[in-house]
Amino acid sequence: DTTVKQNPRYKLARVGKPVNLICSQTMNHDTMYWYQKKPNQAPKLLLFYYDKILNREADTFEKFQSSRPNNSFCSLYIGSAGLEYSAMYLCASRINRGRSSYEQYFGPGTRLTVL
Amino acid sequence: AQSVTQPDARVTVSEGASLQLRCKYSYSGTPYLFWYVQYPRQGLQLLLKYYSGDPVVQGVNGFEAEFSKSNSSFHLRKASVHWSDSAVYFCVLSAPGTGSNRLTFGKGTKFSLIP
């Protein structure tokens with residue numbers, strides 16, 4: 001089973017309010033990623049966890065936080081949502097093993113709308 | 001730094017016609033290349049992958065892609081399209097040997113059939 005799950009599928013948030021998105025996988029993958037995707041744009045990597053180590057992209061460092069309480073779960077946290085956060089958020093995972101290290105498995109995404 | 005260019009934002013053909021989606025990449029070495037597909041309201045799914053060897057790789061649902069080092073290309077093809085193929089297709093590059101498992105995405109090509 002190569003399933004990555006995301007909850008919720010749709011999220012409506014108010015400007016200035018926090019947002020928490022959840023991702024889970026049962027493949028025992030060691031790395032989990034969060035991407036932001038806006039219409040007509042390529043997915044943008046926000047951050048990733050390799051095991052318990054969090055790596056955040058420099059240009060979004062202060063905008064997003066994450067936690068990984070165990071191997072299967074990873075959250076994406078926005079402390080204060082702005083209109084510019086409206087997007088699809090994609091979670092992905094991979095296993096660090098040979099060539100498979102370069103393949104990522106994606107969840108269905110959470111569509112966040114900030115009003 | 002590497003990059004991926006999908007020159008066609010949209011491609012439209014008739015049902016049963018052949019399909020080619022273009023992808024050009026920029027990378028100094030030999031990359032690992034992928035095509036991902038995003039069906040409506042779903043996450044990204046891996047369609048096919050190229051690591052080395054035979055430049056023509058087969059994927060699911062009758063898709064294939066051909067790697068050309070001389071042209072820096074990895075075009076996706078299908079002999080006869082169906083309505084279920086309507087989706088956004090992403091060409092993706094990974095750079096082996098750089099110590100990074102990051103994926104570099106093209107902006108995607110939206111494929112649809114003429115009604």
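The values are calculated or read from the model by the stated rules, or taken from the named source; none is laboratory data. None of the values given here were measured: they were computed from a predicted structure. Cβ: placed from backbone, ideal geometry, glycine included. Neighbour counts: every protein chain shown. For the accessible areas, the whole protein counts, side chains as well, though only heavy atoms, and no ligand, DNA or RNA atoms are used. Shrake-Rupley method; radii C 1.70, N 1.55, O 1.52, S 1.80 Å.
Restricting attention to segment A:59-76, which residues are open to solvent by less than 70 Å² (accessible area, probe 1.4 Å), under 22 Å from residue A:26 (Cα atoms) and touching a residue at least 24 places away in the same chain (Cβ under 8 Å)? Answer for segment A:59-76, where residues must be open to solvent by less than 70 Å² (accessible area, probe 1.4 Å), under 22 Å from residue A:26 (Cα atoms) and touching a residue at least 24 places away in the same chain (Cβ under 8 Å): A:66, A:68, A:71, A:72, A:74, A:75, A:76. Among the residues making up segment A:43-58, those that are open to solvent by 40 Å² or more (accessible area, probe 1.4 Å), under 19 Å from residue A:72 (Cα atoms) and either of a type in the set (A, V, I, L, M) or outside any strand (DSSP E or B) (or both) are A:51, A:52, A:53, A:54. If you go through segment B:31-53 and keep only what is surrounded by fewer than 12 Cβ atoms within 10 Å (Cβ to Cβ) and in contact with a strand residue (DSSP E or B) (Cβ under 9 Å, 6 or more places away or on another chain), you end up with B:40, B:41, B:52. Could you list all residues from segment B:1-30 that are touching a Phe, Trp or Tyr at 6+ places or on another chain (Cβ under 6 Å) and either open to solvent by less than 30 Å² (accessible area, probe 1.4 Å) or of a type in the set (A, V, I, L, M) (or both)? Result: B:4, B:11, B:21, B:23.
Just one of the numbered conditions (1) among the charged types (D, E, K, R); (2) away from chain B (no Cβ under 11 Å); (3) in contact (Cβ under 8 Å) with a residue 40 or more places away in the chain is not true of residue A:56: (3).
When you scan segment A:81-95, do you find a residue that is open to solvent by 70 Å² or more (accessible area, probe 1.4 Å) and part of a loop (DSSP other than H, G, I, E, B), even just one? No: segment A:81-95 contains no residue that is open to solvent by 70 Å² or more (accessible area, probe 1.4 Å) and part of a loop (DSSP other than H, G, I, E, B).
Of everything listed in (1) at the interface with chain A (Cβ under 10 Å from one of its Cβ atoms); (2) in contact (Cβ under 8 Å) with a residue 12 or more places away in the chain; (3) open to solvent by 10 Å² or more (accessible area, probe 1.4 Å), the single unmet condition for residue B:106 is (3).
Inspect segment A:79-89 for any residue being within 11 Å of chain B (Cβ to nearest Cβ), out of contact with any Pro (no Cβ under 8 Å at 6 or more places or on another chain) and touching a residue at least 40 places away in the same chain (Cβ under 8 Å) and give the result as yes or no. The answer is yes, given that some residue of segment A:79-89 is within 11 Å of chain B (Cβ to nearest Cβ), out of contact with any Pro (no Cβ under 8 Å at 6 or more places or on another chain) and touching a residue at least 40 places away in the same chain (Cβ under 8 Å).
Every test in (1) surrounded by 15 or more Cβ atoms within 10 Å (Cβ to Cβ); (2) within 23 Å of residue B:33 (Cβ to Cβ) is passed by residue A:100 save one, and that test is (1). Taking the listed residues B:34, B:67, the one that is away from chain A (no Cβ under 14 Å), among the aromatic types (Phe, Trp, Tyr) and either at positive phi or part of a strand (DSSP E or B) (or both) is B:67, with no other qualifying.
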